[in-house]
């Protein structure tokens, strides 16, 4: 699995994998720089490809059969990551899996289309303009209205 330095250091994926199957062999690699490339809108340049080759070398050397993209930014690099890892490695998007779990937790809309009208609200503790720009890339034009959030 690959993730940010913080995600890998947290050990969360390692603990989850051990809880699911203690015999599971998990190879982890931090990928500093991937988020910055995605946020700059650069997901296919030679520079990001060279970075991916360097950062993914230990994972590729481990001959993994599946690679969890442990950051919500990483699916936008899936083509580059897939090119580096090769066609025999299955990429698993943690972002997609999280979305499936959220949808299941919230429940499906009613079959008759009646009931309460759905409201989607986008809130960020980061820069609103950056969130709007990236949110549009991830989710589409629905991310028109973004509100700032402060933790204080």
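The values are calculated or read from the model by the stated rules, or taken from the named source; none is laboratory data. Here the structure is a predicted model, which is why all the values come from computation and not from measurement. Ideal geometry is used to build each Cβ from the backbone, glycine not excepted, and the neighbour counts take in all protein chains shown.
When the residues of the range 63-78 are narrowed to those that are in contact with a strand residue (DSSP E or B) (Cβ under 8 Å, 6 or more places away or on another chain) and surrounded by fewer than 20 Cβ atoms within 10 Å (Cβ to Cβ), which ends up farthest from residue 93 (Cα to Cα)?
65
Of the residues 135, 140, 82, only one is under 17 Å from the mean Cα position of the chain (by Cα) and loosely packed, with under 12 Cβ neighbours inside 10 Å; which?
140
Which of the numbered conditions does residue 128 fail, given that it passes all the others? Conditions: (1) out of contact with any helix residue (DSSP H, G or I) (no Cβ under 8 Å at 6 or more places or on another chain); (2) exposed (fewer than 13 other Cβ atoms within 10 Å of the Cβ); (3) over 26 Å from residue 2 (Cα atoms); (4) without any contact (Cβ under 8 Å) to a residue 24 or more places away in the chain.
(2)
Please state which of the following conditions residue 42 fails to meet, knowing it meets all the rest: (1) in contact with a helix residue (DSSP H, G or I) (Cβ under 8 Å, 6 or more places away or on another chain); (2) within 18 Å of residue 6 (Cα to Cα).
Single failed check for residue 42: (2).
For the range 36-115, which helices (runs of 4 or more DSSP H) that fit wholly inside it have 1 or more residues that are modelled with pLDDT of 95 or more?
Once the helices (runs of 4 or more DSSP H) in the range 36-115 are filtered for at least 1 residues that are modelled with pLDDT of 95 or more, what remains is 46-61, 78-85.
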